[in-house]
Amino acid sequence: MNPSKTAVSMRALLSSCALSSLAVCFVATTASAQQASAGQTAQAIPKAPESTTLQEVVVTARRREENVQRVPVSVSVVSSAQLTTKGVNSAADLVQAAPGLNAGAVSDRQDINFGIRGQSTALGTTAAAVVTYFSEVPILRFSDGQFFDTQDIQVLKGPQGTLFGRVTTGGAVLVNPVAPSMKYEGYAQVQLGDYNLRELEAAVNIPIIDDKMAFRLAGNVTSRDGYTINDFNGRDLDNENSQAVRASLLLRPIDGLENTTILNYSHAATNGSGVVLFGINPADYPAFPGQDGAAQLALLAAQQAKGARHTFINLGDSPLAQPYNGSYYFRDALWLVNRTSWKVADGLTLKNIFSFQYNDEREGSGVAGASTIGGNVNPWGADVPYSNYTEYTDELQAQGNVFDGRVNYTIGAYGEMEKPPAKEAELTLLYNNLLTSITSLYPHIESEAIYSQVNVKIVGGLSADLGIRHTWDQNSTVNVSLLDEGGVGLLPGLPIGKCITSSAGLPAGVILTPCNTVRQSSDVTTWTAGLNYQIAPSVFAYGNIRTGYRPGGVNAYGGNDPNLTTYAPETNTSYEIGVKSQYRFGDINLRTNAAAFHEELNGTQRELTVLIGGAPAAIIENTAKAYTDGFELEQAAVLFNALTLDVNWTHLHSEYDAKSFNYTAAQLAAACPANPTVTPPNETFFCPTGPLPLSPDNTASVSIEYRLPINDDVGKITVGGNMYSTSSEYQVGYIVADGTVPGYTIFNANANWSGLLGKPIDLTVFVTNLTNKTYISAITFNTLEAGGLGFKSGLYGPPRMFGVSAKYHF
């Protein structure tokens, strides 16, 4: 075989894999692998020198440790080192490091909504389309300040309908903390940077009894000034101020029995998010007492003249906000995880995972980034949390194999209960300090499931996956709502969060929605079926069909109308084929993973606006079918024994099935007017045009790292950087009224010197957003349509930031 000709054909193959269909890539890669196995040029990765190889990546996508190259699921993995080198400082930043993951902010930078393959969570829905897990436990609220002492983050794409605690339609984000080990070790890291960045992180691992008991303690303290100025009071918004500590205890009392307990506590207290005004529709303001469209346009012009790093948030006469002189955000979160694993016999392991979570978040924020049209959460003196819950989960699981290892199985049961210790959320909107609405929620959510999945080795490298799960969900919520159309101010004694049986004594103009208990229950069977083929030692192909589901729920603003108070489950069926290959070509190591998919969403949960008691209210309804098609490519290479290159690309096309809505021509025209800012859309009917939220047509990232050719005694010095680019995406608001975020491209750079002069010290210099790109990262509120509230607001991405960190290992 001619090596030069093989090189040309391999380069052509990689190009065709990136540009052509997956079927072409699959056939070509298979043929190339078979050809290479007969020659001397291509070899399996394990035979290459360690310094020039792509390291094996272990994931738990099927609830057991496996090489990612042999898992029939599209998975992106972000190591702890990549969290630093790629500038991942928050949950929103994770999209830059994990291909195919998208994120939007629901109301602020802490309330992140992840999206995968066009599946995301509409505002107000009970369950997430993409669930975040911490040490195998679903976390309802994963906020900043939780990335410390992390082993890796795994992003699983597509429905997770059988094996994981919560069934999802979009995917899962697995955050895996570093576990205790039987080795005395630790580290201390200091990070300094502009905007007065100060971060201290440390961890120590102590073996207490050899091979029997170990303890790990880790903590993080972060402080950084904000980069958005509130011109109302001069305070900096988007700042960081958090503290977190994690203690883990590993016990192995007898052979085969292992128990790990993790206690994680975090606290944050910041000035809130820098929500900025993006747009005004002056035609909407005559509907509100004291409002003036011309004045709002002047306010917008003043905002734009000052630029992206200024806003004006005045929480008015709110007694709760006054001590903080404006907006605020507080969070206290406690997670307790207990995992027990017992190897009963060869081929059988029992596992139990128990968790307790407590989360308390209190927030006062400018919804529109301006006092005269602003809004805020919790403006009243009653100190009611914005998000407040306790949750208990328990999962019992059996894993093993039979028939000489030809059948691997997982059987389990899962239970979850969530409820607030008191009032969970009180949402209040103000316009010129006039009360618009108050809603208090008392939800009680329960979920139970049983599941089973097997992998059967059929013949040779051919195997099959079969799984099934049945889930029961119950949601019981007590709503307490007040709606005001009369311009009532915040009067002393106005009842908040209390069941009211009579309107006597209420200010004139307040519309009473009595206390009502609403229940919604559902049970759904989800399943997976797939074939896998290990074509060669380094080439793996798969195809599968997976289903997922999100439970129905209760509408906070549904009033007493039985047709509006609840919504039904949403289901997703995914068809996916993929190929994963890892190979050598001369001195070059390559890894190519590609997947193509088609997903069908039924009973799509989306936000609609309806009239309740004569007042507009946003509710969730099921809006028929939607489709997503896409292609994912992850290409990694080690070149010249020193240069590492990663190229990732995700292409999506999503749309609603307009025919499934069964609208008449008149209804469709009413729902989708040509210019919705002039002609009020009939939002009782969902406009089935445009893409699904958080589904940009294209996202791409390129990372490069070069190791300097210096003596190992000096240390290992690498320089590198990464680029992240995304096309525009629809996020929130009425689709045809400019609810999209423009596309953008940002660059990060870093240099790392590990093993400084033979010492256990690592130095890192980093720059994020190298070109200081000004870009919109999220639209948090969009009501530009005629008849709406008349404004659009959102968040800008962080400016350029730089810093240096020093890490000492022991």
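Remark: segment 574-585, residue by residue, has Karplus-estimated 3J(HN,Hα) of 10, 10, 9, 10, x, 9, 10, 9, 9, 7, 10, 9 Hz, where x stands for each Gly or Pro and the curve is 6.51 cos²θ - 1.76 cosθ + 1.60 at θ = phi - 60°. Within the shell of other residues whose beta carbon sits under 14 angstrom from the beta carbon of ILE746, the net charge comes to +2, with Lys and Arg scored +1 and Asp and Glu -1. Here the Karplus curve 6.51 cos²θ - 1.76 cosθ + 1.60, taken at θ = phi - 60°, turns the phi angles of segment 698-708 into couplings of 9, 10, 8, 9, 10, 10, 9, 9, 10, 9, 5 Hz, with x standing for Gly and Pro.
Close amide H pairs (under 5 Å, H built 1.01 Å from N) link ASP111 with VAL106, residues at least 5 positions away or on another chain.
The fraction of accessible area contributed by carbon and sulfur in segment 595-709 is 60 percent, rounded to a whole number (1.4 Å probe; ligands and nucleic acids excluded).
Backbone amide hydrogens, once placed in the peptide plane, bring TYR133 within less than 5 Å of ILE139, VAL173, LEU174, VAL175, excluding anything fewer than 5 places away on its chain.
Based on protein heavy atoms only, segment 196-273 ends up with 43 Å² per residue of surface accessible to a 1.4 Å probe. Tell me, in nm to one decimal, what length is gained between ARG406 and LEU336 on full extension, where the rule is 0.36 nm per residue of separation less the Cα-Cα distance? Fully extending the segment from ARG406 to LEU336 adds 21.6 nm. Length gained on full extension, LEU466 to SER754: 99.2 nm, using 0.36 nm per residue less the C-alpha separation. Extension gain for the segment SER728 to ASP697, taken as residue separation times 0.36 nm less the Cα-Cα distance, is 10.4 nm to one decimal.
Of the peptides 355-364, 336-345, 213-222, the order by per-residue mean of other Cβ atoms within 10 Å, starting with the highest, comes out as 355-364, 213-222, 336-345. Here the label points at GLN474 and HIS809, each 7 Å from Cα along the C-beta direction, are separated by 5.2 nm in the simple model. Computed packing ranks the peptides 700-706, 647-653 as 647-653, 700-706, most packed first, by mean other Cβ atoms within 10 Å.
For a label point 7 angstrom out from the Cα of LEU531 toward its Cβ, which stretches of segment 452-467 have the backbone nitrogen within less than 11 Å? Hits in segment 452-467 for LEU531 at 11 Å: 462-464.
Rg then Dmax, both in Å and based on the Cα atoms of segment 759-810: 19.9, 66. Quick one: net charge of GLN397's neighbours, Cβ under 9 Å, K/R +1, D/E -1? Result for the neighbourhood of GLN397: +1. The modelled label-to-label distance between LEU200 and GLU56, using points 7 Å beyond Cα along the C-beta direction, is 4.0 nm. Taking a sphere under 10 Å around the Cβ of ALA449 and counting the other residues whose Cβ falls inside, with K and R at +1 and D and E at -1, yields a net charge of -3.
Per-residue 3J(HN,Hα) values for segment 193-203, derived from phi via the Karplus relation 6.51 cos²θ - 1.76 cosθ + 1.60 with θ = phi - 60°, read x, 5, 6, 6, 5, 9, 9, 10, 9, 8, 8 Hz in sequence order (x marks Gly and Pro).
Once you reduce segment 685-764 and segment 233-276 to the center of their Cα atoms, the two points are 24 Å from each other. Here the simple spin-label model places points 7 Å from the Cα toward Cβ, and for LYS773 and LEU645 these points are separated by 2.1 nm.
Accessible surface calculations at 1.4 Å, restricted to protein heavy atoms, place segment 584-701 at 39 Å² per residue. With the cut-off at under 16 Å, measuring from each backbone N in segment 256-287 to a point 7 Å along the Cα-to-Cβ line of ALA295 picks out 281-287.
With N the number of residues in segment 593-718, Rg(Cα) / (2.2 N^0.38 Å) evaluates to 1.73. Cβ-Cβ distance of ASP713 and ILE208, R₀ of 30 Å, FRET efficiency by 1/(1 + (r/R0)^6): the value works out to about 0.25.
The values are calculated or read from the model by the stated rules, or taken from the named source; none is laboratory data. Since this is a predicted model, take the numbers as computed values, not measurements. Methodologically, a virtual Cβ is constructed for each residue, glycine included, from the backbone with ideal geometry; neighbour enumeration extends over all protein chains shown. For the accessible areas, the whole protein counts, side chains as well, though only heavy atoms, and no ligand, DNA or RNA atoms are used. Shrake-Rupley method; radii C 1.70, N 1.55, O 1.52, S 1.80 Å.
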